[in-house]
Amino acid sequence: MTETIVRLRAADLTLGNGASSVHVLKGIDLDIAKGESVGIVGPSGSGKSTLLMVIAGLERLDAGEIHVADAALHGLGEDALAAVRGRTIGIVFQSFHLIPNMTALENVAVPLELAGRGDAFDRARAELVAVGLGERLSHFPGQLSGGEQQRVAIARALAPDPILIIADEPTGNLDGETGRQIIELLFSKQAERGATLLLVTHDTSLAARCSRQVSVRSGRIVGDSTSAEGAAARALA
């Protein structure tokens with residue numbers, strides 16, 4: 001029986017207050033299985049990135065339930081939520097979110113240190129080598145290209161060996177060829193580790209590479225399909 005990694009039930013969220021409030025997620029039900037790659041697509045303002053942030057434990061639901069692995073995120077306090085996120089979920093953002101006054105090695109190692117890993121720097125070094133940055137360990141983000149910065153961010157996301165990798169428009173700040181390389185890296189690392197990948201993208205051809213596509217519009221899921229291309233790629237992995 002396929003293991004469910006992510007489960008949302010009647011997930012509802014409004015952002016803002018009063019006249020400026022926006023009902024972003026409207027009673028969403030969603031199940032994601034272990035090992036799936038899921039492309040989440042939809043127009044700007046549809047709620048797809050907010051949905052991803054709820055799954056990542058970075059936004060709190062107003063109502064409903066969100067389970068990731070065996071943890072009920074909607075019922076956890078901030079410390080417990082951070083602990084689950086740190087050991088279970090790896091997050092890659094469009095804008096990298098690296099600490100500018102830390103080297104590539106430190107950017108990857110520090111979250112591991114905060115999680116109590118005694119091998120933080122050894123693990124960080126190994127992950128940076130694995131994404132092709134073995135010669136850039138001591139470089140600061142400002143000394144790296146956009147593609148290299150995103151590789152650091154991927155190494156940071158992968159270092160705790162998460163079961164769920166979340167990527168929000170990971171190629172949005174990159175040129176076409178660099179973006180292609182980053183996507184190849186994400187898919188290859190997901191396959192190597194048997195992780196689940198959730199990918200928000202405006203690129204329908206990129207979404208089609210995923211084994212499944214979920215379409216979001218006006219805060220609701222309006223489509224959920226399996227891609228022939230994604231299924232074939234998964235079978236060959």
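The values are calculated or read from the model by the stated rules, or taken from the named source; none is laboratory data. What you are looking at is a predicted structure, and each value in this text was computed from that prediction instead of being measured. All Cβ positions, even for glycine, are placed from backbone atoms using ideal geometry, and neighbour counts span all protein chains on display. Surface accessibility is based on the protein's heavy atoms, side chains included, excluding ligands, DNA and RNA. Shrake-Rupley method; radii C 1.70, N 1.55, O 1.52, S 1.80 Å.
When the helix-only estimate is applied to the chain (DSSP H runs of n ≥ 4, each -39,500 (n - 2.57), divided by the residue count), what is the mean residue ellipticity at 222 nm, nearest 500 deg cm²/dmol? Result for the chain: -10500 deg cm²/dmol, rounded to the nearest 500. Residues in segment 56-73, backbone N under 14 Å from the label point at residue 220 (7 Å along the Cα-to-beta-carbon vector): list them, ranges by number please. Counting backbone N atoms under 14 Å from the label point, the list is empty.
Between segment 107-131 and segment 42-64, the C-alpha centres lie 28 angstrom from each other. Gyration tensor over the Cα atoms of segment 99-188: the corresponding equivalent ellipsoid has semi-axes (square roots of 5 times the eigenvalues, largest first) of 21, 15, 11 Å. With all protein chains present, how much of the accessible area of segment 1-131 (probe radius 1.4 Å) comes from carbon and sulfur, to the nearest whole percent? Accessible surface attributable to carbon and sulfur in segment 1-131 totals 51 percent.
Grab the beta carbon distance between residue 204 and residue 26, set R0 = 22 Å, and tell me the FRET efficiency rounded to 0.05. Once rounded, the FRET efficiency stands at 0.40. Temperature 20 °C, viscosity 1.002 mPa s: under these conditions the Stokes-Einstein estimate for segment 8-149, based on its Kirkwood radius over C-alpha pairs, is 123 µm² per second.
Highest mean packing first, where packing is the average number of other Cβ atoms within 10 Å per residue, the peptides 33-40, 199-206 line up as 33-40, 199-206. A full extension of the chain between residue 113 and residue 184 corresponds to an added length of 22.7 nm, given 0.36 nm per residue minus the alpha carbon distance.
Heavy atoms of the protein chains alone define the surface here; on that basis the chain has 46 Å² accessible area per residue at 1.4 Å probe size. Across segment 64-113, the fraction of Cα-Cα pairs farther apart than 13 Å, rounded to a whole number, is 66%.
Note on segment 96-152: the C-alpha convex hull projects to 3.5 nm² when averaged across all orientations.
Across the chain, counting alpha-carbon atoms alone, Rg and Dmax equal 17.4, 52 Å.
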